[in-house]
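**Q** One structure is given below, represented as structure tokens, and several questions about it will come after.
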Amino acid sequence: MLTIDRPAPIRSPLLEAGRSRGIVHGFFTRQGGVSEGIYRGLNVGAGSRDEPQNVTENRRRVAQSLGVRPEHLLTVHQVHSPDVVTVTAPFPGERPKADAMVTNTPGIALGTLSADCGPVLFADQEARVIGSAHAGWRGAISGILENTVEAMIALGADRSRIVAVLGPTIGPENYEVGPEFFAEFVARDADYERYFSPSRQENYKMFDLWSFIIDRLEASGVKTGALMQCTYADEAQFFSYRRTTHRGEADYGRQISAIAITE
């Protein structure tokens, strides 16, 4: 049971070092929200079928935890793309379809929603440039992480100073994929076979999304960290699309990972 009445985000020491420069972050869990049932806890998924007022309150609590106004906690319409948006203010209308955001504007929080995919938070603490990316396998393989780094550099970040941390993501022991998935990966690069291990089910593989994301971040030249926490395995802490699917549940919640520059 969740007993904490306010958000209790996980913080990375690599990113927490930026607090002295006014950069705050959190990999938020299910704890501290008002949603009930299958959404129990801090569900921030506007695309879920949770009660809208619960999602709004949960987002308000996240914003409060980061020290920004609720309307300044920004999330995009995630579509598993390589697209990055540079933001300076709340979106005036519909959220753009993209999978990452960057900013150097104080008072803006960049949020990434996830429920197995990889949330990655970025910061150049000296330049006060931040980023947030949603890296499922489609986004990661098509360049969302590298594009986020380049967008930060365009705002004045230096590649050698950028820190990137992978938050809670489905782990390799729980990410089983079929033969078509494996074939698509190795068709792009035969070396990608190293991210797969045998499954108990014939012709299936276990996929290591953790390592795939971490290796791509490291190859982009940034300092990289990871929480190494599995969303599927830890139901008390995290929502999981795959766990919901295996249970035949009607819907699922989403947790948020977010980073902000304080005023």
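Derivation of every value follows stated rules applied to the coordinates shown; laboratory data play no part. Keep in mind that what you see is a predicted model, and the values were worked out from it rather than measured. Every residue, glycine as well, gets a Cβ built from its backbone with ideal geometry; the counts of neighbours run over all protein chains shown.
**Q** DSSP loop GluC sites (Glu not before Pro) in segment 1-80 with at most 13 other Cβ atoms within 10 Å of their Cβ, which ones?
**A** E36
**Q** Under 15 Å from the Cβ of D5, count the other residues' Cβ atoms, weight Lys and Arg +1, Asp and Glu -1, and hand me the total.
**A** Here the count lands on +3.
**Q** Additional query: Order 174-184, 227-237 from most to least packed using the mean count of other Cβ atoms within 10 Å.
**A** 227-237, 174-184
**Q** Of the DSSP beta bridges with both residues in the chain, give the percent that are antiparallel, rounding to the nearest 5.
**A** The antiparallel fraction comes to roughly 75 percent.
**Q** To the nearest 20 Debye, how big is the dipole of the chain about its Cα centre, given +1 on the beta carbon of each Lys and Arg and -1 on that of each Asp and Glu?
**A** 660
**Q** Just going by the charge dipole of the chain, with Lys and Arg at +1 and Asp and Glu at -1 on Cβ, which of V165, H72, G47 is farthest out on the positive end?
**A** H72
**Q** With Kirkwood's inverse mean 1/r over C-alpha pairs for Rh, give me the Rg to Rh ratio of segment 140-258, two decimals please.
**A** Answer for segment 140-258: 1.01.
**Q** Here is a further query. Quick one: if you stick a label point 7 Å off each Cα along the C-beta vector at E16 and H77, how many nm between them?
**A** The answer from the label model is 3.8 nm.
**Q** For segment 76-133, what is the percent of antiparallel DSSP beta bridges, rounded to the nearest 5?
**A** 70
**Q** Here is a further query. What span do the alpha-carbon atoms of segment 49-160 cover on each of the three principal axes, reported in whole Å from largest to smallest?
**A** Rounded to whole Å, the extents work out to 41, 30, 24 Å.
**Q** I need Y252, Y39, Y241 ordered by Cβ neighbour count within 10 Å, fewest first.
**A** Least crowded to most crowded, the residues run Y241, Y252, Y39.
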